[in-house]
Amino acid sequence: MESKEWETFFAKNQPPVDVEKKRQRIEEFCAQHLGSTERIVLVTSGGTSVPLEHNTVRFIDNFSAGTRGSSSAEYFLAAGYVVIFLYRTNTLKPFVRHFKDGGLLDQLEPTEGESPGIRVRSEAVPQVLPVLRAFRAARDGGRLLNVPFTTLVDYLFLLRSASASLAAFGHRALLYLAAAVSDFYIPGEEMPEHKIHSDGGPLQLHLQLVPKMLRPLVWLWVPEAFVVSFKLETDSDILLEKSRKALKNYKHKVGLPYVTR
């Protein structure tokens, strides 16, 4: 794959409509902390979707609940980092993850009287209180920025924007790339505008390779940052070989292999 193929990807695919607004949020957040000595981390989390149509009805998904990314973001906050959390919409977020599937409602009960209200059940306080304190400390201290994405294209445009803002932090920046990113996609120019109909017969898809964005990220976008990537495989026999190859090719600091079944 050509070294500049990533440039072609950005040139041929339209950025998400809200990318500028999100870029400004990231830039402003970084500016608030640039003058301090704080360390900053970009945590990416959740899977990316690949639409089959511009007016999307069907898509291919890299599934990830976001458990690793959201929990890691909390640990980074506890360790004193400022955190940009780039996450897939409707996946787990820091602090909120403790109460997934409506779990927060199980910890609450109504209060009666002249001024009805809500309180945390006494037996739930040991679980809820530390999470609430950590959340409020991060929120009130302006130490956590949540930025959602949905599609592969959304994610890569936002990753590039976030990297541009983090470059100024030099060695104080860390990128913890836990998102499950698709290896294949359909370029916008090859995608139909409307829903693909079944009366056309069996569906045949021709997917293109997604450029390996670790190369420009490590070498060009944030050359001084500490970059951590993850390598997922279903075959444990090739896991370490693939991880070592990625570290050799892209020269980032840490590659964390793991197997899913």
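When the range 1-28 is filtered for residues that are in contact with a helix residue (DSSP H, G or I) (Cβ under 8 Å, 6 or more places away or on another chain) and of a type in the set (A, V, I, L, M, F, W, C), the ones remaining, listed by number, are TRP6, PHE9, PHE10, VAL19, ILE26. Applying the selection to the range 1-55, what residues are closer than 28 Å to LYS93 by Cα and among the aliphatic types (A, V, I, L, M)? Listed by number, the residues that qualify are VAL17, VAL19, ILE26, ALA31, LEU34, ILE40, VAL41, LEU42, VAL43, VAL50, LEU52.
Yes/no matrix, rows are residues, columns are (1) at pLDDT 75 or above; (2) not hydrophobic (A, V, I, L, M, F, W, C):
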position	(1), (2)
GLU190	yes, yes
LEU207	yes, no
TRP219	yes, no
VAL227	yes, no
LEU232	no, no
SER236	no, yes
LYS248	no, yes
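Quick one: count up the residues across the range 112-148 that are over 26 Å from the mean Cα position of the chain (by Cα) and either closer than 30 Å to ASP18 by Cα or of a type in the set (Val, Ile, Thr) (or both). So the count comes out to 3. Checked against the criteria, SER45 counts as at pLDDT 90 or above, surrounded by 19 or more Cβ atoms within 10 Å (Cβ to Cβ), within 24 Å of PHE135 (Cβ to Cβ) and touching a helix residue (DSSP H, G or I) at 6+ places or on another chain (Cβ under 7 Å).
Out of the residues in the range 165-213 that are among the aliphatic types (A, V, I, L, M) and free of Cβ contacts under 8 Å to residues at least 60 places away in the same chain, state the one that is nearest to GLY69 (Cα to Cα). Of everything passing the filter in the range 165-213, ALA167 is nearest to GLY69 (Cα to Cα).
Any idea which of ASP154, ASP101, ASP183 is of a type in the set (Asp, Glu), at pLDDT below 95 and under 16 Å from the mean Cα position of the chain (by Cα)? None of the others qualify; the one that does is ASP183.
The set of residues in the range 146-203 that are of a type in the set (S, T, N, Q) and either under 23 Å from ALA11 (Cα atoms) or not in a helix (DSSP H, G or I) (or both) comprises ASN146, THR150, THR151, SER161, SER163, SER165, SER182.
If you take the residues of the range 2-19 that are surrounded by fewer than 16 Cβ atoms within 10 Å (Cβ to Cβ) and not in a helix (DSSP H, G or I), which of them is modelled with the highest pLDDT? Top of the filtered list is ASP18.
Note on the range 25-36: residues that are surrounded by fewer than 12 Cβ atoms within 10 Å (Cβ to Cβ) and within 19 Å of ARG139 (Cα to Cα) total 3.
I'd like the residue in the range 112-151 that is surrounded by 10 or more Cβ atoms within 10 Å (Cβ to Cβ) and of a type in the set (S, T, N, Q) and, out of all such residues, is nearest to GLU38 (Cα to Cα). Per the criteria, the residue is ASN146.
State whether the residues of the range 62-75 include one that is assigned to a strand (DSSP E or B) and of a type in the set (Asp, Glu).
At the first step, the residues of the range 62-75 found to be assigned to a strand (DSSP E or B) are none.
No, the range 62-75 contains no residue that is assigned to a strand (DSSP E or B) and of a type in the set (Asp, Glu).
The values are calculated or read from the model by the stated rules, or taken from the named source; none is laboratory data. Being a predicted model, the structure only gives us computed values, none of them experimental. Cβ: placed from backbone, ideal geometry, glycine included. Neighbour counts: every protein chain shown.
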